[in-house]
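Participant: The structure under discussion is supplied below as structure tokens; questions concerning it will follow.
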Amino acid sequence: HLKSLIDWDRFRPFFAELFFDDKKTGGRPHYDETIVMRVLVLQRLYGLSDQETEFMINDRTSFKNFLGFPEKVPDYSTIWRLKERMQKDGTLDKIWNELQKQLDAKGLTIRTGVIQDATFIEADFGKKRYAKDKQAENRGEKTEYTEKQEAYMDKDGTFAVKNQELHFGYKLHQKTDIDFGLIREFGVTTASTHDSRVDLVEPDDKAAYRDKGYAGTKVHAKVKDMTMKKAARNRPLTKAEKKFNKTVAKIRCQGERPFAVMQRVFNGGTTRVKNLKRVTVQQAIECFAFNLYQLFTLKKQGRF
């Protein structure tokens, strides 16, 4: 079962910091830290809104089982507030680093190398409002919005074009372990950020398998650079370079699995939140949830 794959108690201190109910400030006793954490993971596993999460916890026995059948569970407003507080510096790093330590302790360390890739996280830019703003701009005017209206506008999302398709929103960058298919590091940017601007490769990663989008960017001297070769104007790829690209592509394609699972199994790949910090929290929890999902697969295969 998913809840037995990691030691949830090790994450308690990081979630305890998100509550304000100590002896000095007072307040009602907070929810159990491990329950709160599992609620957030459940939300990303099923691609639910805060309100849907609260409803499903109260409606489904399987959800209650995953949480340990607690007497009290967080309501949707508590879930929202916790994610807002997770935006403070250091919180996500502590949670992510603890997960990586537990993966390494199971013997699931990086052995062969890593794959870095990125995917779009689609957001709603508001077609009607965008058209209204453009019309006003053409007239030399500026559209005024109320504070409440602005709260529903995405101010950090940007546009990007790839393969003649227009995207708006953000981009998830992730580094996957070749041997076990686990996400070892991630980063979140706006959609217009080029893949090569985000370097997740570290000195202990052995080898880095990357697509042509990373061509021209160097990796650490200790890491074997397995970035696919890119043709240039008046300089087509040689036979050796084409053969090299095929070799890299066979391995690099494994890095698509996390994105496929998030989009097709978790109903992810999109976001309803409206700024970069909130999207980062959402994607951090989603990457955490994927690693749990992959751990379950590895466990069934007898890999640890």
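The values are calculated or read from the model by the stated rules, or taken from the named source; none is laboratory data. Computed from a prediction, not measured in an experiment: that's the story for all the values here. Cβ coordinates were reconstructed from backbone atoms using ideal geometry, including for glycine residues, and neighbour counts include every protein chain displayed. Side chains included, ligands, DNA and RNA excluded: accessible areas come from the protein's heavy atoms. Shrake-Rupley method; radii C 1.70, N 1.55, O 1.52, S 1.80 Å.
Participant: Quick one: grab the alpha carbon gyration tensor of segment 199-261, order the square roots of its eigenvalues as a ≥ b ≥ c, and give me rounded if a/c is under 1.5, else prolate or oblate depending on whether a/b is larger than b/c.
Facilitator: Oblate, since a/c reaches 1.5 and b/c is not below a/b.
Participant: Work out Dmax and Rg for segment 165-218 from the C-alpha atoms and quote the Rg first, both in angstrom.
Facilitator: 12.2, 36
Participant: Now for a separate question. When a/c is below 1.5 the answer is rounded, else prolate if a/b is larger than b/c, else oblate, so apply that to segment 52-142 with a ≥ b ≥ c taken from the square roots of the Cα gyration tensor eigenvalues.
Facilitator: It comes out oblate by the Cα gyration axes.
Participant: Which residue, 262, 103, 247, has the largest displacement toward the positive end of the dipole of the chain when charges sit on each Cβ (Lys, Arg +1; Asp, Glu -1)?
Facilitator: Result: 247.
Participant: Would you kindly state how much longer the chain becomes between residue 212 and residue 143 on full extension, computed as 0.36 nm times their sequence separation minus their alpha carbon distance, in nm to one decimal?
Facilitator: Here the answer is 20.7 nm.
Participant: Now for a separate question. Please give me the summed charge of the neighbours of residue 100: other residues whose Cβ is under 9 Å from its Cβ, Lys and Arg +1, Asp and Glu -1.
Facilitator: -1
Participant: Okay, next question. Just by accessible area at a 1.4 angstrom probe, what is the order of 222, 242 from largest to smallest?
Facilitator: Reading off the accessible areas and sorting them downward yields 222, 242.
Participant: Cβ under 14 Å from residue 162's Cβ, residue 162 left aside: what net charge do those residues give with Lys, Arg +1 and Asp, Glu -1?
Facilitator: That sum, taken over residues with Cβ under 14 Å, equals -3.
Participant: So what does residue 235 come to for accessible area, using a 1.4 Å probe and Å² rounded to 10?
Facilitator: Here the accessible area works out near 100 Å².
Participant: Please report the carbon-and-sulfur percent of the accessible area for the chain; probe 1.4 Å, protein heavy atoms only, DNA, RNA and ligands left out.
Facilitator: That share works out to 49 percent.
Participant: If r is the Cβ-Cβ distance from residue 264 to residue 162 and R0 is 25 Å, what FRET efficiency results, to the nearest 0.05?
Facilitator: 0.80
Participant: Out of residues 5 or more away from residue 185 or on other chains, whose amide H comes under 5 Å of its own, with H placed 1.01 Å from N in the peptide plane?
Facilitator: Sorted by chain and number, the residues that satisfy this are 175.
Participant: For every other residue with a beta carbon closer than 12 angstrom to the beta carbon of residue 66, add +1 if it is Lys or Arg and -1 if Asp or Glu, then tell me the sum.
Facilitator: Result for the neighbourhood of residue 66: +4.
Participant: Also, quick follow-up: Excluding ligands, DNA and RNA, what is the solvent-accessible area per residue of the chain at a probe of 1.4 Å, expressed in Å²? Walk me through the numbers before you get to the answer.
Facilitator: Numbers: 17230 Å² over 304 residues.
Per-residue accessible area for the chain comes out at 57 Å².
Participant: Taking H placed 1.01 Å from N in the peptide plane, check which residues at least 5 places from residue 156 or on another chain put their amide H under 5 Å from its amide H.
Facilitator: 276
Participant: With a ≥ b ≥ c taken as the square roots of the eigenvalues of the C-alpha gyration tensor of segment 62-102, please select rounded if a/c is under 1.5 and otherwise prolate if a/b is larger than b/c or oblate if it is not?
Facilitator: The shape class here is oblate.
Participant: Using r as the Cβ-Cβ distance of residue 109 and residue 135, and R0 as 45 Å, what FRET efficiency do you calculate, to the nearest 0.05?
Facilitator: The value I calculate is 0.20.
Participant: Could you tell me which of 193, 282, 271 has its Cα farthest along the dipole of the chain towards the positive end, charges placed at Cβ (Lys, Arg +1; Asp, Glu -1), taken about the Cα centre?
Facilitator: 193
Participant: Expected output is a single nm value to one decimal: the length gained when fully extending between residue 124 and residue 153, i.e. 0.36 nm times separation in residues minus the C-alpha distance. What is it? All intermediate terms of the calculation are to be shown ahead of the outcome.
Facilitator: Details: separation 29, 0.36 × 29 = 10.44 nm, distance 0.90 nm.
Result for the pair: 9.5 nm of gain on full extension.
Participant: Express in nm, to one decimal, how much length is gained between residue 2 and residue 59 on full extension, taking 0.36 nm for each residue of separation and deducting their alpha carbon distance.
Facilitator: 18.6 nm
Participant: Got a number for the accessible area of residue 162? Probe 1.4 Å, square angstrom, nearest 10.
Facilitator: 100
Participant: Please state the equivalent ellipsoid semi-axes for the chain: what are the square roots of 5 times the Cα gyration tensor eigenvalues, largest first, in whole Å?
Facilitator: Semi-axes (√(5λ), whole Å): 34, 30, 16.
Participant: Let me ask something else. Rank 106, 250 by accessible area, highest first, at a 1.4 Å probe radius?
Facilitator: Ranked list, largest accessible area first: 250, 106.
Participant: Still on this structure, I have one more. Taking amide H positions as placed 1.01 Å from N in the peptide plane, with prolines and chain starts having none, which residues 5 or more places from residue 121, or on another chain, fall under 5 Å of its amide H?
Facilitator: Correct list: 170, 171, 172.
Participant: Could I ask something else about it? Going by Cα centres, segment 160-230 and segment 263-299 are how many Å apart?
Facilitator: Here the two parts' Cα centres lie 18 Å apart.
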